[in-house]
Amino acid sequence: MRPAAPIKGLGAQSAPAPRYLPLVSELDEAAEHEALAANRVRVTVETARTIITRNRSPDIPFDRSINPYRGCEHGCIYCFARPTHAYLDLSPGVDFERELYAKTNAAERLETALSTPGYAVAPIAIGTHTDPYQPLEGEQQIMRQLLEVLLAHRHPVSIVTKGALVLRDLDLLSALAELGLVKVMVSLTTLDTTLKARLEPRTAAPQKRLRILRELSAAGVPTGAMLAPIIPFINDAELEAMVEAAAASGARALNYILLRLPLEVAPLFSEWLTVHFPDRAERVLNAVRDTRGGALYRSRWGERMRGTGPVAALIGQRFRTAARKAGLQEDLLPRLRTDLFQPPEPRHRARRTAESRQGDLFDS
């Protein structure tokens, strides 16, 4: 269903039923539009049983990650994490932006995971699913608590974010950087504030993200820029300008991801196009199909991040040329250290030690 007009402050323009709980709205178009526009963010506290997620994907440069939150208030219409809300019987559309879950015991669970006998150290990626510095973090401070645990135990971490809240944690990030334990990739999608407001409505403005790059870099935090996603005929014309701006702001590494439209993201993005860019919607979708073997998405490893075909090849060539001109054809960020790790004392051992000390007091 296409809304009568764009809903201000939302990326998704509707709330399609989750694939595991098919529902049909009985509201007419105007009533549903009004209901969606009046919706407010609701936060549910989630007690996580575990916090580190493992993966074996051959085209991802990390094998473990942490997601402090489910859902994301940033509202990026293209977010490939949207379909995960269906597992909660919630809509990957508006619900993904408004029904948020905070894993408030994340730091405690991380301590437990790091104290597991035989734990093998490797960088933990944070921000690869939902943004750890979305607005909710200002209230919950879960990401800050995680960084405190990682610093205390000298554990490496890589972060991807587009949230200005990352600068709040500059003290912790600087301390981690001094030990060679952190790198931050700042997500940059456009330099156009009008497009930003449509594409990712509640994220930091483009100039603020460049300031994030400058301030992190000035503080000695290894920093790069992730140009993601590149969308044909929407933001691809800005590719070279984004590379130049990121490099001038202190980025020491660059990467890009072509638009991905898995599962419910494809119809949500198509609807977004008809609302915001009706004059070029079909042209954009046809270009996307050209990069995905004729479909709107193909999830093959090795292809899903960059796509295939002439359009994808041209974008890749342009990116490499721009990166070379900026002196960033190679990743200049240092390799994160794993040799400094100091595992937490297992809780059962700490408890026995405390009980032993208490016994000593009575024996003396």
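Overview of results
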quantity: Check: the chain dipole with +1 on Lys, Arg Cβ and -1 on Asp, Glu Cβ, in debye; calculated: 900 debye
quantity: Share of alpha-carbon pairs per 10 Å distance bin for the range 88-187, given as whole %; calculated: 14, 46, 30, 10, 0
quantity: Backbone N under 20 Å from the Thr308 label point (7 Å along Cα→Cβ), restricted to the range 248-263; calculated: 257-263
quantity: Dipole of the range 100-156 [Lys/Arg +1, Asp/Glu -1 at C-beta], most positive-end residue of Ala122, Gln145, Pro132; calculated: Ala122
quantity: Per-peptide average of other Cβ atoms within 10 Å, ordering 113-121, 80-88 highest first; calculated: 80-88, 113-121
quantity: Along principal axes, Cα extents of the chain, largest first, whole Å; calculated: 84, 54, 34
quantity: Cα gyration tensor category, rounded, prolate or oblate, for the range 251-344 with a/c compared to 1.5; calculated: prolate
quantity: Point-to-point label distance, Ala295-Glu178, nm (Cα→Cβ direction, 7 Å offset); calculated: 5.1 nm
quantity: Non-local Lys pairs in the chain, i.e. 8 or more apart or on different chains, that have alpha carbons under 15 Å apart; calculated: 5
quantity: Share of pairwise Cα separations in the range 180-311, more than 19 Å, in percent; calculated: 53 percent
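Every number in this text was worked out from the coordinates using simple rules, so none of it is lab data. Computed from a predicted structure; not experimentally measured. Backbone-built Cβ (ideal geometry, glycine too); neighbour counts: all protein chains shown.
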